[in-house]
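All remarks here apply to the structure that follows.
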Amino acid sequence: MSDESNRDRPMTEQEATVSHSLRRLQEAVQSEMPATMAKYAMSSFTLHQEPLPEEAYARVLVLVYPQDPFVGEPEVRSMSTADIGDSLINSRFKIEDSSSEPAIPDADGNYLYWPGKSQFDQVNSFYYATTTLRMHERYARRALPWSFPTPRLTINPHVGDDANAFYNESEQMLGFHTFTLEDKTISTAQSADIVSHETGHAVLDGLRNLYNESFGLGSTAFHESFGDMSAILIALHDDSLIRRLIEWTQGDLRMANFVTAVAEQLTDALQHKEKFVRRHTIYLRNALNIFQNVPFDQLVYEPVDPETELGRQSHNYSRLFSGAFYDILIGIYERFKQDSEPAHVALYRARDTLGRLLITAVELGPVGELNFEDMAKAFIAADQLLYDSRDFPVLVEVFNKRGLLTPEAADTFLQTMKTLPEVYLPETLNMAMASALFLEKEILPALGIKPDGELLPIGAYRNSAGHAFLTYYSTRQVLLNGEQFKQFNGANI
């Protein structure tokens, strides 16, 4: 085919995605990205121990779907009055729904709307967004920030007519669509899986906002996996779902079950209606899988059978790490059961162990580009920090089986972790400049590291468990050279 005809044909979705990413990187170099990172480097840092958000003892009743409408009927749950009051607004979220009247509490202060009313979607999305954030904050032992300076994330439960939901950093919003199939209205705001997944994006963006600027598959796929892992953990915080899960599986979490599948109602409806949405084959994302890592150059963007094959598309590839995450849950759960604990108690303990490992691994993991091997090592580091490597055998078995980290590499990494010198941090680092000086004078000499480029501070904090985190980043420009980069040939990114 001639170059002229190549220019005339429309771009494929993969080419459009690559072009969009390259344009963002090119624009970042030319515009405000350096200034944005400089803002972090000049901001006020603190290592004062951060308390958890305040707890209130009064409770408000809400009616919500446990996990997903596909799983069962709505049930009554409760929220702290610190997070819900006379309207659907709290310190971190607010509902904005121009298409419907706002939900208001009844005479007893409760929100007991039934599905079919727009207010139910408002309550359901508000409840699960708040619950997801609070869950991750408990695991992180501190209040978690958004990636933007304003305190509240807006939730729009009726943002438009589409089979989709999203987190938008620039609009500081979670958006949930409603659509109709065969006279049946489906609202993505009614699925705890979907709300928790999108809220997970916002939480991870607040912790590692450079992942969204990544050009690599690892960072974008981990973003999708983090959303699915958040949904699994939220499902495991619902007592009725845990009872059903144990009854359904007879305590064997290796059996197929509803907790590992994400957004069943949406997927089922679309599969029955048509095979493609936005040229993607519709398939159920399930953490109960047997995927193993595949070299990047052997992955195709859109496999023939994406339900059973890994591909380069981030949602597809994310299932590899989500599957490893669920395998780790099984391993920790079975270890607790061996201690003669009842199944539901073992599951509670495994859930919380894994939740803390996840959020700590993110805090110990890469700031920008990453691959799944990096995150596997971050889990091992988190286990060493939190539990003195108690679950190292489980982690090694899972990551080796998934092709993410060999036992030899895992053991070498752990031994390196154990030989790191102790560095005593001051009680406070009032400015990023102090953090940079501390890195240069104390940390790098102790570690024997000579960085390739300048390391700049972007964050410092201490959680309520007393763990202090200093975060730095470095950048380098890459010249794109080759016809394969099309209009970006010759650009610096």
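Values in this text are rule-based calculations from the coordinates and carry no lab data. Quick caveat: nothing in here was measured; it's all calculated off a predicted structure. Using ideal geometry, Cβ is built from the backbone for each residue, glycine included, and neighbour counts are taken over all protein chains shown.
Taken as Cα centroids, the range 364-440 and the range 214-251 sit 23 Å apart, rounded to the nearest whole angstrom.
Sorting the segments 331-339, 62-70 by their mean number of nearby beta carbons within 10 angstrom, highest to lowest, gives 62-70, 331-339.
What's the ranking of 313-325, 410-422 by average number of surrounding C-beta atoms within 10 Å, highest first? Don't jump to the answer; show the numbers that get you there.
Details: 313-325: 23.5, 410-422: 12.2.
Highest to lowest by the protection proxy: 313-325, 410-422.
Taking 7 Å steps out from each Cα toward its Cβ at residue 78 and residue 419 produces label points 5.4 nm apart. What the Cβ-Cβ distance of residue 162 and residue 183 gives, at R0 = 22 Å and to the nearest 0.05, is a FRET efficiency of 0.80.
Can you tell me the mean projection area, over all orientations, of the convex hull of the range 217-419's alpha carbons? Units nm², please.
Values: hull surface 47.6 nm².
Average of the hull's projected areas for the range 217-419 equals 11.9 nm².
On the basis of the beta-carbon distance and an R0 of 41 Å, residue 170 and residue 437 show a calculated FRET efficiency of 0.75. Once backbone amide H atoms are built at 1.01 Å from N, residue 153 has 93, 94 as its partners under 5 Å, excluding neighbours fewer than 5 places away on the same chain. Note on the range 120-181 and the range 303-357: Cα centroid distance 24 Å, given to the nearest whole angstrom. Computed extension length for residue 338-residue 15: 111.2 nm, one decimal, from 0.36 nm per residue of separation with the Cα-Cα distance subtracted.
Note on the range 59-211: the alpha carbon radius of gyration divided by the globular reference 2.2 N^0.38 Å gives 0.99. Between residue 406 and residue 388, the simple label model (points 7 Å from Cα in the Cβ direction) yields a spacing of 3.1 nm.
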